[in-house]
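Working notes, structure below.
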Amino acid sequence: MTKTRFNTYDVVCSVTELQKLIGMRVNQIYDIDNKTYLIRLARNEEKVVLLLESGLRFHTTSFEWPKNMAPSGFTMKLRKHLKNKRLESFQQLGVDRIVDLQFGSGEAAYHIILELYDRGNILLTDCELRILNILRPHVEGEELRFAVREKYPKDRAKQDTGPPSVEQIKEAIQRARPGDTLRSALNPVLEYGASVIDHVLHEHGLFGCRIGGELPPDANLPKKAKKKQKNICKEFSKVFDVQTDLDALISAINDAESMVQNARKEPSRGYIIQKKEVRPAKEGEKEEYYFTNLEYHPYPYSQNRGEPCKEFDSFATAVDEFYSSLESQKIDLKAFAQEREALKKLSNVKTDHAKRIEELSKVQLGDRKKAELITRNQDLVDKALLAVQSALAAQMSWTDIQDLVKAAQANGDPVASCIRQLKLEINHISLLLSDPYAVLDENDSENESDSEREDDEQKLEQMVVDVDLALSAFANARRYYDQRRFAARKEQKTIESSSKALKNAERKTIQTLKDVRTQTTISKVRKVYWFEKFYWFVSSENYLIIGGRDQQQNELIVKRYMRPNDIYVHAEIQGASSVIIKNTTGGEIPPKTLLEAGTMAISYSVAWDAKVVTSAYWVHSEQVSKTAPTGEYLTTGSFMIRGRKNFLPPCHLVLGLSFLFKLEDSSVERHRGERKVRTFDDESVTSREEERSEMSESAEHEIKLDDESDQEEQLSFPDTHVKVEHDTGKVSVRTDPILQRLTSETERSSEIFLGDDKPYIIRPAAPRLKQISKSKQKAKEKEQKAKEKLSAPVKDDALQKQGQLKRGQRAKMRKIKEKYKDQDEDDRKMIMDILKSAGNQKAADVAQEEDEEHRENHAADGKGVDRKRTPRLKPGEFEELGDDAPAVADLDMLDTLTGQPVEEDELLFAVPVVAPYQSLHNYKYKVKLTPGTGKRGKASKMALQIFLKDKQCTPREKDLLKAVKDEVLARNIPGKVKLSAPQMQKVRK
């Protein structure tokens with residue numbers, strides 16, 4: 001049975017080892033679940049994580065444990081009082097399973113009290129041990145209450161009074177029930193733990209002892225207890241004798257006391273006791289063994305001698321290894337159960353086929369013997385048939401015929417004597433026939449050599465044979481021969497079909513074993529990334545984008561995971577997700593990534609089910625605030641957007657389901673730069689000459705989505721309150737009417753065209769743009785001057801590029817030119833302003849233009865107030881980032897994930913991803929998801945089948961895809977979907 005919690009000796013050893021933590025400061029506190037907490041301690045460069053689990057254990061850990069997404073109230077209370085406090089003492093209360101951790105000193109001291117017995121508990125107290133927070137409030141007795149504001153009774157712990165006296169030992173033995181083990185009798189007076197007591201009893205030859213005497217007849221015990229007592233009496237046959245065994249017992253108790261005292265002086269090593277089991281294997285294969293962990297101990301106990309054991313440098317390391325491998329051990333045990341089940345099915349198939357063949361062989365042998373007996377007794381059989389046929393012809397009743405046969409048998413008639421049963425209802429009779437030549441065969445066999453003797457199957461023994469009254473003896477014999485030939489043909493077909501069935505069963509079993517072992521390996525290797533708890537995907541330009549699943553996650557993403565350089569994306573529609581673009585490089589986010597993030601924000605909202613196409617906007621991280629204006633209150637998941645919002649074009653509700661494959665380190669370099677930022681002229685720039693590259697880059701039509709000078713205008717835009725209502729999930733956005741009118745006007749007047757992974761912003765309605773701002777007319781003259789300088793080389797490049805276009809691309813460009821032939825440079829410039837882009841102007845011209853525009857607007861306002869940049873968030877406005885927040889190094893692992901695996905790659909596992917379809921352009925496996933009526937679970941399974949049926953899918957990729965759980969595969973699909981993929985109908989069939 002697996003060990004589940006610390007005993008007293010474990011507590012002593014662990015407290016002694018963890019004295020090294022004294023003097024370290026609390027850096028952060030996390031919770032794994034409602035009973036398990038992690039305290040991160042630090043001292044200079046040294047960092048340690050202490051794990052506390054109520055009622056079970058406490059130890060340092062070096063493994064990564066899954067932390068809760070949002071800290072619990074108990075965790076927040078611990079953080080409030082313990083953060084940055086120094087661990088001053090770490091002690092055991094008395095000899096009880098209670099541990100006291102003191103943080104801080106004097107009146108600023110706080111205590112964590114961990115109880116490891118019964119249901120366990122964790123308490124936070126002040127310097128006077130008054131309870132500030134408690135994990136499990138309860139009442140013991142009538143006066144003792146464990147609740148907030150009550151004082152913790154420190155003296156309730158069992159105190160160390162040394163080893164018990166001889167009189168106490170005798171009294172404990174006398175109080176024990178007959179049949180109890182010696183250990184259970186001593187437990188009330190010894191505080192060393194069951195393992196230590198068993199060890200010292202084993203060392204002194206008292207391990208198998210029990211208290212003598214029989215159970216009294218009137219013992220009021222349940223049946224299970226009585227049965228247990230009887231089993232103990234059988235197992236522990238030796239009876240403890242006070243006269244002869246008392247001295248040995250006293251010596252054993254003194255040894256136990258010495259063990260405890262030594263454990264308090266120096267740290268102990270760690271040991272994990274294991275169990276060796278045979279791994280399921282096919283017949284003929286070599287047996288394999290595996291080990292399961294049973295117990296962890298700080299001492300090599302004698303009762304465990306001879307069992308498999310793993311030794312560690314410290315007890316804490318052994319405990320950490322034991323509990324961290326529990327999940328892996330569960331995976332192994334589940335895999336072994338599946339392997340046993342597969343091998344059992346194969347064994348059943350083999351047994352069934354062997355049984356059927358054996359039965360057919362017996363039928364053939366029986367039919368042959370019956371035919372031989374009829375042939376050798378032909379005269380007797382014909383006479384018996386004639387006698388019964390004559391009686392039936394004389395119209396005698398069946399009862400009279402039966403009486404006639406019995407009378408003839410009584411008279412010793414040889415024909416009647418062979419008749420055993422009349423089956424006149426089926427026109428048969430049963431005859432007892434024997435081989436008339438058996439005596440001659442025995443005599444001849446004595447003179448024959450071994451090689452000349454017939455097989456045993458050729459010998460005919462006496463047996464009952466059914467014959468048909470409508471047939472002669474010869475015809476009955478022929479009927480049995482025919483039945484034998486039919487059974488032989490059936491046996492042959494059965495053998496042939498059995499061979500195929502067994503091969504199929506073996507192939508399925510081998511595949512099942514391979515799949516189980518592959519999935520087990522993948523499950524162990526599979527690393528769950530921190531961002532998988534959110535909606536997420538990697539953009540086509542290698543930016544990680546995450547979104548909240550609910551109100552709590554929306555707030556968590558902004559408070560914990562949003563860095564200063566990140567971009568916040570949201571949609572002005574109810575139920576939308578808060579989306580963050582992680583920007584580790586610090587540069588500008590490319591337009592395609594922004595558009596993909598906007599698609600994500602729209603898709604994870606009510607727009608998906610309503611099939612409504614709408615727009616999203618983006619802002620800088622410093623524009624998102626949790627601080628409400630004076631007199632207002634922000635609820636969970638609500639934020640204030642301060643300053644200018646940058647609206648994106650309407651996004652299409654088209655997502656895709658695909659897979660990213662984890663690359664082994666040696667394969668990462670092969671996929672470097674798969675998801676890089678691409679510009680409009682990315683392909684043509686590489687083919688130009690060096691002397692013309694600078695001019696082409698300056699004339700390049702690149703959409704810039706932000707400029708530092710635009711920040712000066714943000715104060716002219718009102719704050720926007722993004723509010724998510726708790727009851728309905730409705731998102732309401734309040735903004736200035738003028739801004740709303742201008743925004744809606746620009747949204748209606750702009751379109752986006754996506755082709756060849758290059759977005760073109762197109763303006764169909766030029767007159768409406770000219771009404772937005774007259775001040776933009778000055779840009780036309782400056783832009784024209786710059787264009788005249790660069791027009792000649794640009795036109796030549798354009799003609800050269802157009803000449804290299806394919807047939808379909810030329811037709812597409814002709815349609816674009818025809819449709820938007822009225823669009824001029826002024827129109828295009830206004831579109832660039834909508835997206836905060838500078839078009840093809842130089843950076844200096846853009847800054848000068850916006851500076852002039854700023855002065856004009858300032859003069860028109862008639863106010864002397866300077867416009868300033870929107871201030872960044874104040875320190876402490878959001879919660880401090882913890883270790884689970886992503887760092888640059890964490891995001892570098894995106895390069896180890898690829899959607900384009902090749903045969904040379906060494907793949908570790910597969911991660912399903914749901915992303916805007918345009919971001920999956922180069923992925924090997926992908927299906928399109930649009931709003932529909934299909935269930936997401938069924939759609940995800942269908943997508944997986946499509947991927948597995950792909951001819952380009954390698955065996956390793958199939959193994960990795962099969963190892964993905966169904967719930968993980970469908971988790972990020974928004975809702976009801978329609979699945980689209982090539983050749984999907986074939987897969988369904």
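At-a-glance table
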| read-out | value |
| --- | --- |
| Odd one out for residue 892 among (1) at pLDDT 90 or above; (2) in a helix (DSSP H, G or I) | (1) |
| Test: residue 494 is open to solvent by less than 60 Å² (accessible area, probe 1.4 Å) and at pLDDT below 75 | no |
| Residue that is farthest from residue 126 (Cα to Cα) [pool: residues in region 146-163 that are modelled with pLDDT of 90 or more and not in a loop (DSSP other than H, G, I, E, B)] | 146 |
| Restricting region 142-170 to residues that are in contact with a helix residue (DSSP H, G or I) (Cβ under 8 Å, 6 or more places away or on another chain) and within 27 Å of residue 259 (Cβ to Cβ), the residue that is least open to solvent (accessible area, probe 1.4 Å) | 169 |
| Pairs where the first residue, in region 3-14, is over 20 Å from residue 159 (Cβ atoms) and the second is open to solvent by 10 Å² or more (accessible area, probe 1.4 Å) and not in a helix (DSSP H, G or I), C-beta under 7 Å, 6+ apart | 3/294; 3/295; 4/56; 5/56; 5/57 |
| Test for residue 174: is it of a type in the set (S, T, N, Q) and either touching a helix residue (DSSP H, G or I) at 6+ places or on another chain (Cβ under 8 Å) or not in a helix (DSSP H, G or I) (or both) | no |
| Filter result (within 20 Å of residue 20 (Cβ to Cβ) and of a type in the set (Ser, Thr, Tyr)) within region 300-324 | 314, 317 |
| Region 224-259, residues that are open to solvent by less than 50 Å² (accessible area, probe 1.4 Å), part of a helix (DSSP H, G or I) and either modelled with pLDDT under 85 or in contact with a Ser or Thr (Cβ under 9 Å, 6 or more places away or on another chain) (or both) | 225, 229, 232, 233 |
| Which numbered condition residue 542 misses (of (1) under 26 Å from the mean Cα position of the chain (by Cα); (2) farther than 19 Å from residue 661 by Cβ; (3) assigned to a loop (DSSP other than H, G, I, E, B)) | (2) |
| Subset tally (residues that are open to solvent by less than 30 Å² (accessible area, probe 1.4 Å), assigned to a loop (DSSP other than H, G, I, E, B) and more than 18 Å from residue 86 (Cα to Cα)) for region 114-133 | 2 |
| Flag for residue 589 being buried (at least 21 other Cβ atoms within 10 Å of the Cβ), assigned to a loop (DSSP other than H, G, I, E, B) and within 34 Å of the chain's Cα centre (by Cα) | yes |
| Index of the failed condition, residue 613 passing every other in (1) buried (at least 18 other Cβ atoms within 10 Å of the Cβ); (2) within 35 Å of the chain's Cα centre (by Cα); (3) among the hydrophobic types (A, V, I, L, M, F, W, C) | (1) |
| Region 460-491, subset of a type in the set (Asp, Glu) and surrounded by fewer than 17 Cβ atoms within 10 Å (Cβ to Cβ), residue nearest to the chain's Cα centre (by Cα) | 482 |
| Residue 656 of a type in the set (Gly, Ala, Ser), within 26 Å of residue 968 (Cβ to Cβ) and either in contact (Cβ under 8 Å) with a residue 40 or more places away in the chain or surrounded by fewer than 21 Cβ atoms within 10 Å (Cβ to Cβ) (or both) | yes |
| All positions within region 61-71 that are open to solvent by 40 Å² or more (accessible area, probe 1.4 Å) and in contact with a strand residue (DSSP E or B) (Cβ under 6 Å, 6 or more places away or on another chain) | 67, 68 |
| Residue satisfying all of: in region 37-60; surrounded by fewer than 20 Cβ atoms within 10 Å (Cβ to Cβ) and among the basic types (Lys, Arg); farthest from residue 87 (Cα to Cα) among these | 47 |
| Restricting region 954-977 to residues that are more than 20 Å from the chain's Cα centre (by Cα) and surrounded by fewer than 17 Cβ atoms within 10 Å (Cβ to Cβ), the residue that is nearest to residue 925 (Cα to Cα) | 954 |
| Odd one out for residue 111, checked against (1) at pLDDT below 95; (2) part of a strand (DSSP E or B) | (1) |
| Of the criteria (1) buried (at least 16 other Cβ atoms within 10 Å of the Cβ); (2) under 28 Å from residue 198 (Cα atoms), which one residue 111 fails | (2) |
| Cross-chain or 6+ apart pairs with Cβ under 7 Å, region 239-264 first and closer than 20 Å to residue 8 by Cα and free of Cβ contacts under 8 Å to residues at least 60 places away in the same chain, then in a helix (DSSP H, G or I) and open to solvent by 20 Å² or more (accessible area, probe 1.4 Å) | 252/203; 255/203 |
| Unmet requirement for residue 202, which otherwise passes all of (1) open to solvent by 40 Å² or more (accessible area, probe 1.4 Å); (2) without any contact (Cβ under 8 Å) to a residue 24 or more places away in the chain; (3) in a helix (DSSP H, G or I) | (2) |
| Any chance residue 101 is outside any loop (DSSP other than H, G, I, E, B), touching a Ser or Thr at 6+ places or on another chain (Cβ under 9 Å), closer than 27 Å to residue 31 by Cβ and open to solvent by less than 50 Å² (accessible area, probe 1.4 Å) | yes |
| Test for residue 605: is it within 29 Å of the chain's Cα centre (by Cα) and surrounded by fewer than 24 Cβ atoms within 10 Å (Cβ to Cβ) | no |
| Leading residue by the ranking (most open to solvent (accessible area, probe 1.4 Å)) among those in region 616-633 that are of a type in the set (D, E, K, R) and farther than 10 Å from residue 568 by Cβ | 632 |
| Members of region 978-989 found to be modelled with pLDDT under 90 and surrounded by fewer than 14 Cβ atoms within 10 Å (Cβ to Cβ), listed by number | 982, 983, 985, 986, 988, 989 |
| Number of positions in region 917-947 that are farther than 22 Å from residue 667 by Cβ and either acidic (Asp, Glu) or within 24 Å of the chain's Cα centre (by Cα) (or both) | 14 |
| Options 432, 373, 404: the member that is assigned to a helix (DSSP H, G or I) and either open to solvent by 40 Å² or more (accessible area, probe 1.4 Å) or at pLDDT 90 or above (or both) | 404 |
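The values are calculated or read from the model by the stated rules, or taken from the named source; none is laboratory data. Just so you know, these numbers come straight off a predicted model, no measurement behind them. Quick reminder, even Gly has a Cβ in these numbers, built from the backbone with ideal geometry, and neighbours come from all protein chains shown. Remember, those area values only see protein heavy atoms, side chains included, never the ligands or the DNA or RNA. Shrake-Rupley method; radii C 1.70, N 1.55, O 1.52, S 1.80 Å.
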